[in-house]
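Everything on this sheet refers to the single structure shown next.
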Amino acid sequence: MKNEAKDLFIEVALSLPLAKHLHYKIPEQLTSSVAVGKRVLVPLGKRRVTGYVVDLLHKSEFPEIKDIVDVLDDQPLFTPHHLKFYRWISDYYFFPLGGVIKTALPSSINIESKQVITLTEKGEGSLTEDTSSPSMIILKALSKKKQLSYTTLRKSYRGEGFYGLLIQLEQRGLIKRDLKQNSTAVKVKQEKWIRLEEKGDHLLQSPALLGPWEKKAPKQASCLRFLGTRREAPLAVLNEAFGSCSRIVEALETNGFVSSKWREVYRDPFRDESVTAEETHQPNAAQREIIQSITESSAAGKYAPFLLHGVTASGKTEVYLNAIEEVLKRGREALVLVPEISLTPQLVNRFRIRFGDAIALFHSRLSPGERYDGWRRIQKGMVKIAIGTRSAIYAPFTRLGIIIVDEEHDASYKQEEQLRYNARDLALVRGKMDDATVILGSATPSLESYYNSQVGKCTLLTLTERVEGKPLPTVEIVDMKEERLNNRNKYQELSNRLREALTERSSHNQQSLLFLNRRGFAPCIICWECGHVFGCPNCSVSLIHHQREKQLKCHYCEYTIPKPDTCPQCRGTRLNLVGWGTERLEEEIKALLPQVPVERMDRDTTRGKGGHTRVLKRFSGMAKGVLIGTQMIAKGHDMPGVTLVGVVSADISLNFPDFRSSERTFQLLTQVAGRAGRGKIPGTVIIQTFNPNHYSITSSQQQRYGQFYEEELGLRKELKYPPFSRLINFKMEGTSRRKTEACVERVGTMAHSLWEKGTRYHSTVEILGPASAPWEKIKGKYRYQMVLKGFPLGTLRTFAAHLLEQMPNLLKGSGVTFYVDVDPVSLL
Ligand code: ADP
Ligand code: ZN
């Protein structure tokens, strides 16, 4: 969208906590470079800040309007269509538009610092004594060093319209602008390519000329011959073949035999990993039927939302692959969201087998450069498929035809900082805007999504059986209360039943999986003499004992102390480790089964790139091995050798004081159980719990989603929790308890008085709190929350917006930080 002469003003969104957008004027020399989607440098008070152009205007209602200082991009970073999506998000999550845009774009976009400006010969020749003209100031600054970065050069010029001037100087051939290479800070990587020119080709074709020349310049000749076989090659390849040969190439270039050109190269996300061969399958009847209904809808090219509810190992991935293939055939693009990609190497592998390596990957372990490359390959239309974690929802596709959200129930789709969005929900929003098919897939759909499928907001598709008629695992429940009664002296966290089963499996050369959602050695360390519990000074939690590192650590703030020998309170020396974490479980299993190889997969053992893949690879090679892990092992892995899954404690998540704790427990148990018996031998699952009759546990025992859903839905209805209402959480935190509390009280009073006054809120909005959060203090901050609960959404939002307007005043000077969490996933 080029700017026409009549648009004199622009609207700029800043990534600052300002509600409104600002208007600026475009000075004459910049009119041709301004466009929606570019960044601009604008004055704000005494500062200069970067903002995004979000609109071009003929006029502005504001009286005094300042000029923009500069345009920072050659090409727009987003299209008006993407902007529409950003605006929706900004509005829905009560977050500044500039902040949304900043979140959506890769953080490494920083084009101005990447540019290098060089003075050309012509430029040098044009230098004069004149020191008044702006162009001459720039040329003079350059003449000292010949080459400067954009940022450095920018500093030497104090006037306005710097960028416009650069463009002019470049057009006049006085300077050259390049993307800088090879520095670690730089995001665009380039490679020099050498290309055979006609003159060189001609030489190769004429033996009469070639012979004599070859005698004179043998090295040039071999280089040229090499190029004759392939037309062009990167300089690096020539160097490899002939030793360092930049000189030779230069000579060839001077003679006009070859030409050289810098080309952007993209870091290959797959360079470390080859595709693992895997059987491919023809879809079975159930899969075919589902694929057909999806492709029929996507053929219509309209928004079509589906919930694919398929039990574990029912072949959901196969459905995704087929649905995507259809969409690609129609020339459209595909986005696949996964909870954490480094956890699902198998899924990526299947995509590569099917579609090759033209896939962009986005996950937390990419370098900023890699992320940026993936983003640009999409922007340039070089890849049609992206697989990524939640932030991939912003992938800059322009012809998106399908969005898949795998394991849609997963909490990691929710961002818990800054812009608190839910990528699963945004998938539906974006799908609607882009006329795309959206598939939410899960063996344990979130209550909200399943409810949506029941009230007609999306189409439910179900796969009720595992592929190839494999049975679902049998699930046994071990009542740990009884276990404790029966083994008064010898009680430990591994029941007799589970120990027997582990021994038995390993004697049959079969693999087992043990799930314990708590890392470290022991979750608590207590003094036997005085009862002192080692807690974190910054957080209201106890410190976790890590055996190998001989440390006590806080899992929230990373506070760490060496393992103490005495109690700081009573000097007692009998310090007792209470409970088990994965590290301890590993030790116990090694003692129980000394002949069996044991692997552990949790945050401590999977640090660094490819950490998960390494653990999984090692485990897959262990015939009778045991894999111990936190919820990481629950997610999407296909481990055909596993016949036994043990859940060491089903109660950890059940005991969280949160309205979703039953749902979370059911999901975790069902997913973990789903790892058993995916190969030829049927699986067994053993769940240890102190709550054997809880419906989360009994319904996951019977793998009955419907039963769980009905039970949980009844409770939610009674308590008017989602999906029967929506929540907006006002969170406040501060380092001083007293000041924060005072502030929170003011907010509470304001909220209640607004509610009193607005009679329409009386039957629609409920205010819970304000009160301190269940985890009262984290990272040194006292945390409070006030949850607005309401239905319909519109009224609730109006109320929240009203209150939000008051917040700056209520918090002024208090040092309390505040944020809104719309549709919170956790109320901890
Ligand atoms: P889900 O995602 O539902 O848990 P997957 O898509 O991972 O299931 O499939 C489980 C296993 O079944 C995989 O190893 C996959 O290759 C295999 N599979 C998928 N579809 C078929 C099919 N039609 N016939 C045989 N095996 C299949
Ligand atoms: Zn802490």
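The values are calculated or read from the model by the stated rules, or taken from the named source; none is laboratory data. The structure presented is a predicted model; accordingly, all values stated were derived computationally and were not measured. Using ideal geometry, Cβ is built from the backbone for each residue, glycine included, and neighbour counts are taken over all protein chains shown.
General remarks:
- Residue ID - nearest to ligand 1 (Cβ to nearest atom), chosen from residues in segment 545-601 that are aromatic (Phe, Trp, Tyr) and either out of contact with any strand residue (DSSP E or B) (no Cβ under 8 Å at 6 or more places or on another chain) or closer than 24 Å to residue 779 by Cβ (or both): 556
- Enumerated strands (runs of 3 or more DSSP E) restricted to segment 26-124, each holding at least 2 residues that are of a type in the set (S, T, N, Q) and within 25 Å of residue 190 (Cβ to Cβ): 115-119
- Of residues in segment 528-544 being free of Cβ contacts under 8 Å to residues at least 60 places away in the same chain and in contact with a strand residue (DSSP E or B) (Cβ under 6 Å, 6 or more places away or on another chain), the one nearest to ligand 1 (Cβ to nearest atom): 544
- Top-ranked residue of segment 534-554 - restricted to ones that are more than 11 Å from ligand 2 (Cβ to nearest atom) and in a loop (DSSP other than H, G, I, E, B), ranked as nearest to residue 524 (Cα to Cα): 534
- Of the residues making up segment 752-774, one or more are closer than 30 Å to residue 535 by Cα and surrounded by 20 or more Cβ atoms within 10 Å (Cβ to Cβ).
- Residue match in segment 585-607 (condition: closer than 19 Å to residue 475 by Cα and either surrounded by 18 or more Cβ atoms within 10 Å (Cβ to Cβ) or β-branched (Val, Ile, Thr) (or both)): no
- Of all residues in segment 21-31, those that are within 12 Å of residue 71 (Cα to Cα) and free of Cβ contacts under 8 Å to residues at least 40 places away in the same chain total 1.
- Every test in (1) of a type outside the set (A, V, I, L, M); (2) within 16 Å of ligand 2 (Cβ to nearest atom); (3) in contact (Cβ under 8 Å) with a residue 12 or more places away in the chain is passed by residue 509 save one, and that test is (2).
- Taken over segment 82-107, the criterion of being within 23 Å of residue 399 (Cβ to Cβ) and small (Gly, Ala, Ser) is satisfied by 104 alone.
- Just so you know, in segment 311-335 the residues that are closer than 24 Å to residue 425 by Cβ and either in contact with a Ser or Thr (Cβ under 7 Å, 6 or more places away or on another chain) or aromatic (Phe, Trp, Tyr) (or both) include one that is farthest from ligand 1 (Cβ to nearest atom), and it is 327.
- In the set (1) more than 26 Å from residue 301 (Cα to Cα); (2) in contact with a helix residue (DSSP H, G or I) (Cβ under 8 Å, 6 or more places away or on another chain), the condition left unmet by residue 451 is number (1).
- Taken over segment 555-579, the criterion of being within 16 Å of ligand 2 (Cβ to nearest atom), of a type outside the set (D, E, K, R) and assigned to a loop (DSSP other than H, G, I, E, B) is satisfied by 555, 556, 557, 559.
- Residues within segment 361-391 that are in a helix (DSSP H, G or I), touching a helix residue (DSSP H, G or I) at 6+ places or on another chain (Cβ under 8 Å) and of a type outside the set (Ser, Thr, Tyr), tallied: 1
- For segment 803-824, a residue qualifies if it is at pLDDT 95 or above and not aliphatic (A, V, I, L, M), and the qualifying residues are 821, 823, 824.
- Any hit, segment 352-374, residues being in contact (Cβ under 8 Å) with a residue 24 or more places away in the chain and under 20 Å from residue 467 (Cβ atoms): yes
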